[in-house]
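The values are calculated or read from the model by the stated rules, or taken from the named source; none is laboratory data. Owing to the predicted nature of the structure, the values given are computational and were not obtained by experimental measurement. Note that each Cβ is placed from the backbone with ideal geometry, even for glycine, and that neighbours are counted across all protein chains shown. For accessibility, only protein heavy atoms count, side chains too; no ligands or nucleic acids. Shrake-Rupley method; radii C 1.70, N 1.55, O 1.52, S 1.80 Å.
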Amino acid sequence: MSLRIQTLKTEYAENPVGLDVPNPRLGWTMVSPHRGKKQSAYRIIVSSTREQLDRHEGDLWDSGIVRSDVSHHVEYAGKPLQSGQICHWKVRVWDEQGAPSEWSEAAYWGMGLLSPREEWAAEWLDMPRDLAAEPELLRPAYLRRTFRLRSGIRRALVFATALGDYALFLNGQRVNDLFAPGWTDYAKRLQYQTIDVTDFLNEGENAFGIILGAGWYAGTVGMSGTRWYGSRPAASLQLVLDCADGTRELVCTDDKWKASAGPLVYSDHIMGECYDATREFSGWTEPGFDDSDWSAPDILPRYTGELVAQIDPPVNIMMTLKPRSVTRTDRGTFIFDMGQNMVGWTELKVKGPAGAKVTLSHAEMLKPDGTLYIENLRDAVQQDHYILRGDPEGERYEPHFTFHGFRYVELIGYPGEADLDTITGKVVHSATPRTGYFECSHDLINRLYSNITWGQRGNFLSVPTDCPQRDERLGWTGDAQIFIRTASYNMDVARFFTKYMDDVTDAQLETGAFPDVAPDGGWIWFKTTKKAERWLAPDNAGWGDAGIIIPWTMYLVYGDKRILERKYPAMVRFMDYLHAGAVDYIRPDYGDYGDWLSINSVTPNEVVATAYFAYDAQLMSRIADVLGYTEDAARYRELFLSIRDAFNRTFVDEEGRIKGNSQTVYILALRFNLLTGERKEQAVRHLTGDIIAHDNHLTTGFLGVGHLLPVLSDHGHDELAYTLLKQETFPSWLYPITQGATTIWERWDSWTEHKGFGPARTNSMNHYALGSVGEWMYRYMAGIDASVEQPGYKHLRIAPRIGGGMDNVRAEYETLYGQVCSGWQIKDGCCTVDVTIPVNATAEIVLPASGRENITVAAGAEAIRQIAADGERTVIHAGSGDYRFIFPYSVNP
Ligand code: BGC
């Protein structure tokens, strides 16, 4: 039996529409019941119709048989494609023995607009409004238009976007995703969405409806009030109708539309929503609605920035949660516990008189007196108000353009007795598909793992934000770089970070500095200092460096070379900027974050900054190598060596003590290869000594935390790493869990028994940065790792760290090639290790057992290519398939 082709992806997505890359990249996964399977050749056919594809006619492209084991990122190399074109494709492969597979199932991709500036015919609409009279939280606009459709429509594509958030309806049905068009620096770039609406249209009368909210464009962003990018939202859409007779018709936003205010009084990401159902007009998104009292829309100036197809996955409701309990308070309100700190909103079911107002108030914690803890929200208002229309059948409400971070919901003004059915939690985030699962024999660590994934759900909404609840919710680059590897295990974040890297490079300063937050907001009014300041610091070490670390990680985990190519010039500018600012290779740190929110320790900023500078230079030399820029590679290697010398000269003393003597200085120096020979050993001793001196506690902040356990493991201290992970007393990862945490907290001391709540201004209960320990759980506990030589998990390294008092550990991870599993179990003096390697990948499996005679290969022996024992470890080279190894293992008492 040969290979079977399973999933076909174009630009990381199954059957995407609206791509604007001229040569999309194709990839496929394969399965086989046999072990050691590889691809030796492929043939791709791309056709302009499904019929031609079925006849194997690649009128757009027929790659011919290509001898290659490449099964991802194969660039389309056929005829130039047109805007809106649908391309049908399939692939066939040959295995390592030359046996062909069947053709795959058919897949397709659809192009977006290739010259959007010329092709965008639609106007930009808002309802008429007098901005001077408009309240700070803008009133959302309602826009509609009917149009007649003749018969013989073959295909109907909508290209739509807005400055602001928009909800698009066609004939009564919502047809777009949430929080579209997503957040970008609107001064520079705006994403449009491509939606195939062929099945939503009727012959005869049809109707479009749009609700247009302020969104990130004109609503509250960060901690600095509203209207960062502009003061008037605008929606723009064009429907392209391809008729069977070969003609094309357009329906656009134009002066034939009608506009009105409606039941939405305001709806703001950070300030909540007010919806007055007494002002509802039913049927407004359908034909036949009487809009005679609606007015003509205002036609606004056309968007002049860059219009691009949306690259990242859309935001959706990804899960619903029922509350775990409800209690009536003395005030006559109801407090629900969702049992999980979550992000999104609640849907309300209510029956009552017209005009009655119900408020849903959201918070992450309760105070000791049982009321909502809202102090950490700063100026954000996590309240939705619903004014009933008085339907005797009852009514349902959920908000439109807002989201909240919460575990508790207080229902105020509810007519009647609320029960568990009254509200439903809607979990909302970017639809990054889940790729990883982790489980072990330690319950609190499993909860920690769950909290890490909830931190990701809660903060991956169009951009990776720091927190989802207070008036901040910004794309902090430092948080993103330290968490990206963990994020990439949990979910497929390829498209998400491809888009975010555009945000980062859009926000690059003229000096070359990468920003602390992306997207950028330019000059803004700070309420706190009462002046207009540039939001971005020039660069903070560990933050701006994300501009190099993120693309590199994308290369490592997805084998994505294109992002390196595309971002290389920006990275070079950043390096030039760092180099120019450094004095004798010591990088000054202009910011003041340091090892942000570290505890019981201080790490000097210039040590952090210089360490990151060296790391950047190292990554740049590797990146230049990958791209074939040999001279640059050599230059950056030289630079790295010079920085390393300067680092040692300036910060390291005779005994190998690094300035600051904190855990983080040693962690960064070791992780970024800044020490050699004896100094390395000294640093390891200082680090472990410091941990022990803190009675087995960490002192790291955002930057140190992600590398702490990997560094310990890399230097022979797995057991100490386990001890830290299992530490339950403050400060530790598990301490918050003993206090009931269901997400990762911003601070080690967000809540402690001895002090209660931490400082309210920086006390998010849903911040993923300290959850970057997830990487160690997958990469070391379960031992699933990528290799730089064959990135994207084409060649894997499986090296589980067996021990730590665990009985078992297991992780599953869906790579581009398919599912990887690694699990181990200790029982009756034996350790059993189970490994799965996907087709067309290979692995080096490293087991802590000496001598091959001690290892029983209980499954997969025939596919093992080589076993080599090296001291206390055995290294096994294997191809695809399932393997089981058993070897004696005694647990020390
Ligand atoms: C954010 C962090 C961010 C930091 C920079 C905070 O306000 O919440 O996550 O990285 O500022 O120091």
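Before moving on, here are some points about what is shown:
- Residue that is farthest from Leu474 (Cα to Cα), among those in segment 179-219 that are open to solvent by 10 Å² or more (accessible area, probe 1.4 Å) and among the polar types (S, T, N, Q): Asn202
- Filter pass, Gly677 being away from the ligand (no atom under 16 Å from the Cβ), over 33 Å from the mean Cα position of the chain (by Cα) and at pLDDT below 95: yes
- Complete set of residues in segment 372-392 that are free of Cβ contacts under 8 Å to residues at least 40 places away in the same chain and part of a loop (DSSP other than H, G, I, E, B): Ile374
- The listed residue being in contact with a helix residue (DSSP H, G or I) (Cβ under 6 Å, 6 or more places away or on another chain) and either among the aromatic types (Phe, Trp, Tyr) or farther than 25 Å from Arg232 by Cα (or both), out of Leu163, Leu157, Leu113, Leu149: Leu113
- Any hit, segment 649-662, residues being part of a helix (DSSP H, G or I) and within 26 Å of Phe483 (Cα to Cα): no
- Subset of segment 1-36 that is buried (at least 19 other Cβ atoms within 10 Å of the Cβ) and basic (Lys, Arg) - its residue that is farthest from Thr194 (Cα to Cα): Arg35
- Test result for Thr842, hydroxyl-bearing (Ser, Thr, Tyr) and open to solvent by less than 10 Å² (accessible area, probe 1.4 Å): no
- Condition met for Phe334 (open to solvent by less than 30 Å² (accessible area, probe 1.4 Å) and over 30 Å from Ser462 (Cα atoms)): yes
- Scanning segment 485-511 for residues that are within 16 Å of the ligand (Cβ to nearest atom) and within 10 Å of the chain's Cα centre (by Cα) returns Ala487, Tyr500.
- Of the residues making up segment 427-484, those that are within 11 Å of the ligand (Cβ to nearest atom), in a helix (DSSP H, G or I) and of a type in the set (Asp, Glu) number 1.
- Exclusive hit being polar (S, T, N, Q), crowded, with 17+ Cβ neighbours inside 10 Å and either within 16 Å of the ligand (Cβ to nearest atom) or without any contact (Cβ under 8 Å) to a residue 40 or more places away in the chain (or both), set Gln618, Gln682, Gln663: Gln682
- Extreme residue, nearest to the ligand (Cβ to nearest atom), among residues of segment 561-611 that are surrounded by fewer than 19 Cβ atoms within 10 Å (Cβ to Cβ) and assigned to a loop (DSSP other than H, G, I, E, B): Asp592
- No other residue among Asn202, Asn176, Asn206 is in contact (Cβ under 8 Å) with a residue 12 or more places away in the chain, part of a strand (DSSP E or B) and among the polar types (S, T, N, Q) apart from Asn206.
- Each residue in segment 845-874 was checked for being on the phi > 0 side of the Ramachandran plot and either open to solvent by 40 Å² or more (accessible area, probe 1.4 Å) or among the basic types (Lys, Arg) (or both), and 1 of them qualify.
- Strands (runs of 3 or more DSSP E) wholly inside segment 285-370 that include at least 1 residues being closer than 23 Å to Phe169 by Cβ and touching a residue at least 12 places away in the same chain (Cβ under 8 Å): 298-300, 306-309, 315-321, 334-350
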